[in-house]
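Enquirer: This is the structure I have questions about; it appears just below.
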Amino acid sequence: MSRTAEELVPSLLGLWLLLCSWVCPGSTELQAPPDKIAIIGAGIGGTSAAYYLRQKFGKDVKIDLFERGEVGGRLATTAIQGQEYEAGGSVIHPLNLHMKRFVKDLGLSTVQSSGGLIGVSNGKTLVFEESSWFIINIIKLIWQYGFQPLRMHMWVEDVLDKFMRIYRYQSHDYAFSSVENLLHSLGGDDFLGMLNRTILETLQKAGFSEKFLDEMIVPINRLNYGQGTGINSFVGVVSLAGADSGLWAVEGGNKLVCSRLLQASRSNLISGSVMYIEEKTRTKQTGNPTKMYEIVYQTGSETRSDFYDIVLVATPLNRKMSNITFLNFDPPIEEFHQYYQQIVSTFIRGKLNSTIFSSRTLDEFGLTTVLTTDKSDLFINSIGIVSSVRENNNPQASTGGAFVWKIFSRETLTKEQILKLFVSYDYSVKQQWLAYPHYKPPEKCPSIILHDRLYYLNGIECAASAMEMSAIAAHNAALLAYHRWYEHTDMIDQEDLYEKLKTEL
Ligand SMILES: Cc1cc2nc3c(=O)[nH]c(=O)nc-3n(C[C@H](O)[C@H](O)[C@H](O)COP(=O)(O)OP(=O)(O)OC[C@H]3O[C@@H](n4cnc5c(N)ncnc54)[C@H](O)[C@@H]3O)c2cc1C
Ligand SMILES: *[C@@H]1O[C@H](CO)[C@@H](O)[C@H](O)[C@H]1NC(C)=O
Ligand SMILES: *[C@@H]1O[C@H](CO)[C@@H](O)[C@H](O)[C@H]1NC(C)=O
Ligand SMILES: *[C@@H]1O[C@H](CO)[C@@H](O)[C@H](O)[C@H]1NC(C)=O
């Protein structure tokens, strides 16, 4: 029986694949799933990466998660006389869909976290002050700033709208190989260009007044990012969205999301500090020599090591924060010198001396949060009454009208400074952070792909640091690792995704 060319081609292909499964180790290795994946860092980035990796690679892959401190990382609580308060990342935006999804899927509950009246101090007087009457607030805002608050709101909405496209891309499994490509896919050059301009430049160009910038934008940025209007425009929008209504937190503490994700991912937590990563050739059980990453870590006083097919780094890579050394890579793995902003959160239970902000007595003061302008010579960025992680935004005063206040400052507060702020206090506790990058556009974002199968999540913080950003980076890295492992190049860095997916349901 003679064969036509059409029949011959597929059968030759079959024969080649069969032969190749014995003699071309490279390609068969790529067909087989990875045996072991390591993630470094059990913050929201690392734990959500574990969750997404499990979804993509299935139940058989072994996932090890290294953490040298507490699960949760920059999500942490501080206890004050039996009650816990958010000391790190505290509020979540209503449109942060990954965080929302986690809470729902992991059986957690939420508490509402905005509320109370806000004032803005320039160190001498209150330059802006909310009223409990909605309509009065509107009139006040218009009186002081015209339609600028509305215009700003519309701009923030517009950017958020484009930003939300990421959820659609990720739900269709598309991944990006760089932060720049990811941002570009959301809104093109204009969107990516936000990393090149300060929010000051952007808003000045759009005609916003000096007064509005000083009294509204700066105080909000100082609260959310410990910096004024020198930050890039994208993180500026994220910061301003943090002034929206409907903000929420996780009942019992945001860090619960991390421990639940860890559980749900069925990965193995290793309490240890990763010191070195090196690529080495190993012979797997199948007999094939395979390139793997050796991770050397310290646990207690012991130094141990283990081998992995894929590694995800989910902590900021710099000497001060993670101090991981990449050994013998050629070319060497790029060193990042992103400087992180120090922020100290101080919790004080006491009675505020409101005269530092206004001439009124505390009983008439009425504000629950005071933000500050850049020009104030105050030593704090913000101060506000906080609710415990179990309360729905109705902070309880203890006897004598003392509330728990949370203060953000760049430096640790001295006793004299605390005494300036409070008439009396009976409890004070602080937590010091290298909180988020010190933003200084134009931003150059670190790579996501550090090496063949070695990925870095926290480069995304160059655009904006937030829980949701880490979750988005984690989802992206899991998809990217998966598609690169199985060589699905058509799922990576696709152009015009928005147009392509528009027609799909
Ligand atoms: C004071 C403050 C307020 C904030 N407010 C908000 C907010 O209101 N809303 C919001 O969305 N975001 C907020 N953020 C930002 C948010 O908390 C972070 O963006 C987010 O938590 C980062 O998560 P991550 O998992 O990427 O990193 P991290 O949480 O930093 O996790 C990294 C983990 O890696 C571990 N690690 C580091 N090196 C090693 C090593 N060598 N070996 C083993 N383990 C290692 C660390 O111990 C850490 O647990 C705030 C942050 C701070 C500090
Ligand atoms: C941002 O600035 C860099 C130079 O710092 C430039 O190379 C890049 O093209 C700019 N990107 C956009 C989108 O404007
Ligand atoms: C980083 O780790 C090396 C050893 O791996 C150590 O010698 C160095 O002191 C560490 N640096 C910091 C800033 O912790
Ligand atoms: C509050 O602070 C002011 C100075 O800012 C001081 O004069 C006053 O005595 C303080 N009030 C109390 C009750 O301590």
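The values are calculated or read from the model by the stated rules, or taken from the named source; none is laboratory data. Since we're looking at a predicted model, the values are computed, not measured. Methodologically, a virtual Cβ is constructed for each residue, glycine included, from the backbone with ideal geometry; neighbour enumeration extends over all protein chains shown. Ligands, DNA and RNA are stripped out before the accessible areas are found, and what is left, the full protein with its side chains, is counted by its heavy atoms. Shrake-Rupley method; radii C 1.70, N 1.55, O 1.52, S 1.80 Å.
Enquirer: Suppose we filter region 254-281 for residues that are more than 11 Å from ligand 1 (Cβ to nearest atom) and either at pLDDT below 95 or polar (S, T, N, Q) (or both); how many remain?
Expert: 6
Enquirer: If you scan region 185-198, which residues turn out to be open to solvent by 30 Å² or more (accessible area, probe 1.4 Å), part of a helix (DSSP H, G or I) and touching a helix residue (DSSP H, G or I) at 6+ places or on another chain (Cβ under 7 Å)?
Expert: 192 - this is the single residue of region 185-198 that is open to solvent by 30 Å² or more (accessible area, probe 1.4 Å), part of a helix (DSSP H, G or I) and touching a helix residue (DSSP H, G or I) at 6+ places or on another chain (Cβ under 7 Å).
Enquirer: Could you please find all residues in region 176-185 being among the aliphatic types (A, V, I, L, M) and either over 18 Å from the mean Cα position of the chain (by Cα) or within 16 Å of ligand 4 (Cβ to nearest atom) (or both)?
Expert: Across region 176-185, there are no qualifying residues.
Enquirer: Out of region 170-184, which residues are part of a helix (DSSP H, G or I) and not hydrophobic (A, V, I, L, M, F, W, C)? Reasoning before the result, please.
Expert: Of all residues in region 170-184, those part of a helix (DSSP H, G or I) come to 170-171, 179-184.
Listed by number, the residues that qualify are 170, 171, 180, 181, 184.
Enquirer: Among the numbered criteria (1) small (Gly, Ala, Ser); (2) closer than 27 Å to residue 168 by Cβ; (3) modelled with pLDDT under 95, which one does residue 89 miss?
Expert: Unmet for residue 89, out of (1) small (Gly, Ala, Ser); (2) closer than 27 Å to residue 168 by Cβ; (3) modelled with pLDDT under 95: (3).
Enquirer: Determine which member of the set 230, 242, 287 is closer than 19 Å to residue 435 by Cα, open to solvent by 20 Å² or more (accessible area, probe 1.4 Å), more than 16 Å from ligand 1 (Cβ to nearest atom) and not aliphatic (A, V, I, L, M). If you could, list the steps in order and put the result at the bottom.
Expert: Working: 242 fails: more than 16 Å from ligand 1 (Cβ to nearest atom); 287 fails: closer than 19 Å to residue 435 by Cα.
Going through 230, 242, 287 in turn, just one is closer than 19 Å to residue 435 by Cα, open to solvent by 20 Å² or more (accessible area, probe 1.4 Å), more than 16 Å from ligand 1 (Cβ to nearest atom) and not aliphatic (A, V, I, L, M): 230.
Enquirer: Show me the strands (runs of 3 or more DSSP E) found entirely inside region 391-505 where at least 1 residues are open to solvent by 60 Å² or more (accessible area, probe 1.4 Å) and over 18 Å from residue 231 (Cβ atoms).
Expert: Correct list: 422-437.
Enquirer: Here is a follow-up. Out of 310, 348, 333, I need the residue that is of a type in the set (Val, Ile, Thr), open to solvent by less than 10 Å² (accessible area, probe 1.4 Å) and either within 24 Å of residue 465 (Cα to Cα) or more than 16 Å from ligand 4 (Cβ to nearest atom) (or both). Which one?
Expert: The match here is 310.
Enquirer: Exactly one condition in (1) within 16 Å of ligand 3 (Cβ to nearest atom); (2) under 21 Å from residue 39 (Cβ atoms); (3) open to solvent by 50 Å² or more (accessible area, probe 1.4 Å) is not met by residue 301; state its number.
Expert: Residue 301 satisfies all of (1) within 16 Å of ligand 3 (Cβ to nearest atom); (2) under 21 Å from residue 39 (Cβ atoms); (3) open to solvent by 50 Å² or more (accessible area, probe 1.4 Å) except (2).
Enquirer: In region 209-262, which residues are assigned to a helix (DSSP H, G or I) and touching an Asp or Glu at 6+ places or on another chain (Cβ under 6 Å)?
Expert: The answer is 218, and nothing else.
Enquirer: Hey, any hits in region 234-243 for a residue that's away from ligand 4 (no atom under 16 Å from the Cβ) and in contact with a Lys or Arg (Cβ under 9 Å, 6 or more places away or on another chain)?
Expert: There is no residue in region 234-243 that is away from ligand 4 (no atom under 16 Å from the Cβ) and in contact with a Lys or Arg (Cβ under 9 Å, 6 or more places away or on another chain).
Enquirer: Would you please name the residue that is most open to solvent (accessible area, probe 1.4 Å), looking only at residues in region 131-155 that are in a helix (DSSP H, G or I) and among the aromatic types (Phe, Trp, Tyr)?
Expert: Checked region 131-155; the qualifying residue most open to solvent (accessible area, probe 1.4 Å) is 143.
Okay, residues lined up against (1) small (Gly, Ala, Ser); (2) out of contact with any helix residue (DSSP H, G or I) (no Cβ under 7 Å at 6 or more places or on another chain); (3) under 20 Å from residue 57 (Cα atoms):
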| residue | (1), (2), (3) |
| --- | --- |
| 467 | no, no, no |
| 484 | no, yes, yes |
| 493 | no, no, no |
| 497 | no, no, no |
| 503 | no, yes, no |
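Enquirer: Surrounded by fewer than 16 Cβ atoms within 10 Å (Cβ to Cβ) and of a type outside the set (Lys, Arg): is that true of residue 126 in this structure?
Expert: no
Enquirer: So which pairs qualify, if the first residue must be in region 451-469 and basic (Lys, Arg), the second must be in a helix (DSSP H, G or I), the Cβ gap must be under 9 Å, and the two must be at least 6 apart or on different chains?
Expert: The qualifying pairs are 453/481; 453/484; 453/485.
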